[in-house]
Amino acid sequence: VQLVESGGGLVQAGNSLRLSCAASRSTFSINSMGWYRQAREKPRELVATITPADGSTMYANSVKGRFTISVDNAKNTMYLQMNSLKPEDTAVYFCNAFTGWSEEISWGQGTQVTVSS
(Lines give C-alpha, C1' and ligand atoms only; values in the text may rest on other atoms or scores of the structure.)
Protein backbone atom coordinates (compact mmCIF):
# COMPACT_ATOMS: atom_id res chain seq x y z
CA VAL A 1 0.00 0.00 0.00
CA GLN A 2 1.23 3.51 -0.78
CA LEU A 3 0.89 6.17 1.91
CA VAL A 4 0.94 9.96 1.45
CA GLU A 5 1.13 12.30 4.45
CA SER A 6 0.02 15.92 4.55
CA GLY A 7 -0.74 18.63 7.07
CA GLY A 8 2.65 19.42 8.58
CA GLY A 9 3.90 22.94 9.13
CA LEU A 10 5.22 25.55 11.51
CA VAL A 11 3.13 26.46 14.57
CA GLN A 12 3.65 28.16 17.90
CA ALA A 13 3.67 26.19 21.10
CA GLY A 14 0.19 25.56 22.44
CA ASN A 15 -1.42 25.48 19.02
CA SER A 16 -2.79 22.54 17.02
CA LEU A 17 -2.17 20.70 13.75
CA ARG A 18 -3.88 17.80 12.05
CA LEU A 19 -1.87 15.37 9.97
CA SER A 20 -3.46 13.16 7.30
CA CYS A 21 -2.24 9.91 5.76
CA ALA A 22 -4.01 8.78 2.62
CA ALA A 23 -3.73 5.09 1.72
CA SER A 24 -3.83 3.80 -1.85
CA ARG A 25 -6.27 1.00 -0.98
CA SER A 26 -8.94 0.19 1.54
CA THR A 27 -7.83 0.66 5.12
CA PHE A 28 -10.07 -2.29 6.03
CA SER A 29 -7.42 -4.49 4.41
CA ILE A 30 -4.71 -3.08 6.69
CA ASN A 31 -4.19 -4.73 10.07
CA SER A 32 -2.54 -1.81 11.84
CA MET A 33 -1.66 1.80 11.05
CA GLY A 34 0.39 4.25 13.02
CA TRP A 35 2.28 7.48 13.28
CA TYR A 36 5.99 7.66 14.05
CA ARG A 37 8.26 10.66 14.38
CA GLN A 38 11.97 11.34 14.07
CA ALA A 39 13.61 14.41 15.50
CA ARG A 40 17.02 15.55 14.28
CA GLU A 41 19.80 13.19 15.36
CA LYS A 42 17.37 10.98 17.25
CA PRO A 43 15.95 7.55 16.45
CA ARG A 44 12.46 7.17 15.01
CA GLU A 45 9.87 6.68 17.76
CA LEU A 46 6.31 5.44 17.89
CA VAL A 47 3.66 8.10 18.49
CA ALA A 48 0.35 6.24 18.17
CA THR A 49 -1.26 3.25 16.50
CA ILE A 50 -4.77 2.30 15.45
CA THR A 51 -6.47 -0.87 14.25
CA PRO A 52 -8.74 0.17 11.37
CA ALA A 53 -11.11 -2.77 11.85
CA ASP A 54 -12.16 -1.87 15.38
CA GLY A 55 -10.68 1.56 16.08
CA SER A 56 -8.57 0.44 19.01
CA THR A 57 -5.71 2.82 19.75
CA MET A 58 -2.42 3.08 21.60
CA TYR A 59 -0.35 6.17 22.44
CA ALA A 60 3.15 6.96 23.58
CA ASN A 61 3.19 8.43 27.08
CA SER A 62 4.66 11.67 25.76
CA VAL A 63 1.54 12.44 23.68
CA LYS A 64 -1.29 10.93 25.76
CA GLY A 65 -4.05 13.44 26.35
CA ARG A 66 -2.75 15.79 23.63
CA PHE A 67 -2.80 13.72 20.41
CA THR A 68 -5.67 11.73 18.92
CA ILE A 69 -5.29 9.12 16.20
CA SER A 70 -8.28 8.19 14.05
CA VAL A 71 -9.14 6.55 10.74
CA ASP A 72 -11.90 7.22 8.23
CA ASN A 73 -12.32 3.92 6.42
CA ALA A 74 -14.69 5.46 3.88
CA LYS A 75 -11.89 7.82 2.80
CA ASN A 76 -9.01 5.37 3.36
CA THR A 77 -7.34 8.04 5.44
CA MET A 78 -5.74 8.10 8.87
CA TYR A 79 -5.41 11.26 10.93
CA LEU A 80 -3.38 12.57 13.83
CA GLN A 81 -4.92 15.50 15.68
CA MET A 82 -2.18 17.21 17.67
CA ASN A 83 -3.21 19.70 20.35
CA SER A 84 -1.19 21.65 22.92
CA LEU A 85 1.92 21.25 20.81
CA LYS A 86 5.31 21.63 22.46
CA PRO A 87 8.72 22.43 20.97
CA GLU A 88 9.79 18.87 21.76
CA ASP A 89 7.12 17.63 19.33
CA THR A 90 9.23 19.04 16.49
CA ALA A 91 10.08 16.19 14.13
CA VAL A 92 9.38 14.60 10.78
CA TYR A 93 6.19 12.57 11.17
CA PHE A 94 5.77 9.36 9.19
CA CYS A 95 2.71 7.19 8.75
CA ASN A 96 3.02 3.44 8.70
CA ALA A 97 0.84 0.50 7.71
CA PHE A 98 1.15 -3.22 8.36
CA THR A 99 -0.77 -5.78 6.33
CA GLY A 100 -0.66 -9.19 7.98
CA TRP A 101 -1.60 -11.52 5.13
CA SER A 102 1.23 -10.22 2.92
CA GLU A 103 3.54 -9.18 5.79
CA GLU A 104 3.83 -5.84 4.01
CA ILE A 105 5.16 -2.84 5.95
CA SER A 106 4.66 0.51 4.26
CA TRP A 107 5.91 4.01 5.07
CA GLY A 108 4.94 7.43 3.87
CA GLN A 109 7.49 10.02 2.80
CA GLY A 110 7.16 12.06 6.00
CA THR A 111 5.89 15.52 6.82
CA GLN A 112 7.76 18.12 8.87
CA VAL A 113 6.20 19.52 12.04
CA THR A 114 8.00 22.43 13.68
CA VAL A 115 6.80 23.92 16.96
CA SER A 116 8.30 27.25 17.98
CA SER A 117 8.51 28.40 21.59
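The values are calculated or read from the model by the stated rules, or taken from the named source; none is laboratory data. Remember, predicted model here, so these are calculated numbers, not experimental data. In this analysis, Cβ positions are derived from the backbone assuming ideal geometry, glycine residues included, and neighbour counts consider all displayed protein chains. What goes into the accessible areas is simple: the full protein's heavy atoms, side chains included, and nothing from ligands, DNA or RNA. Shrake-Rupley method; radii C 1.70, N 1.55, O 1.52, S 1.80 Å.
Ranked from largest to smallest solvent-accessible area, with a 1.4 Å probe on the protein heavy atoms, Phe67, Phe28, Phe98 come out as Phe28, Phe98, Phe67. When peptides 99-105, 32-38, 79-85 are ranked by their average number of other Cβ atoms within 10 Å per residue, the highest-first order is 32-38, 79-85, 99-105.
Each residue of the stretch 6-20 was assigned a 3J(HN,Hα) from its phi angle through the Karplus curve 6.51 cos²θ - 1.76 cosθ + 1.60 (θ = phi - 60°); the sequence is 7, x, x, x, 10, 9, 7, 4, x, 8, 10, 9, 10, 9, 10 Hz, with glycine and proline shown as x. Taken about its Cα centre, the chain carries a charge dipole of about 260 debye when Lys and Arg each add +1 at the Cβ and Asp and Glu each add -1 at the Cβ.
Over the chain, Cα pairs under 8 Å with separation of 6+ residues give a relative contact order of 36 percent. Bridgeable aspartates and glutamates around Lys86 (alpha carbons under 12 Å apart, same-chain partners fewer than 8 residues away excluded) are absent.
Taking the Cα of Asn83, stepping 7 Å toward and past its beta carbon, and measuring to each backbone N in the stretch 1-21: which are under 15 Å? Taking a point 7 Å out along Cα→Cβ of Asn83, the residues of the stretch 1-21 whose backbone N falls under 15 Å are 14-19. Treating each Cα of the stretch 20-95 as an identical point scatterer and summing with the Debye formula, the log10 of I(q)/I(0) at q = 0.13, 0.19, 0.21, 0.23 Å⁻¹ comes to -0.38, -0.77, -0.91, -1.05.
Electrostatic tally near Phe94: other residues with Cβ closer than 12 Å to its Cβ, Lys and Arg +1, Asp and Glu -1, net 0. Annotation: per residue accessible area for the stretch 2-83 equals 53 Å², rounded to a whole number [probe 1.4 Å, protein chains only]. Here the accessible area is traced with a 1.4 Å probe on the protein chains. For the chain, carbon and sulfur cover 49 percent of it.
Over what distance in Å are the Cα centres of the stretch 30-58 and the stretch 96-117 separated? Their Cα centres are 7 Å away from one another. When the Cα positions of Val63, Trp101, Ser116 are compared along the charge dipole of the chain, Ser116 comes out farthest toward the positive end, with charges on each C-beta of Lys, Arg, Asp and Glu. With the simple model of a label 7 Å out from the Cα in the direction of the Cβ, Thr51 to Ser29 spans 2.1 nm. With both labels modelled 7 Å from their Cα along Cα-to-Cβ, the Gln109 to Lys75 distance reads 2.0 nm.
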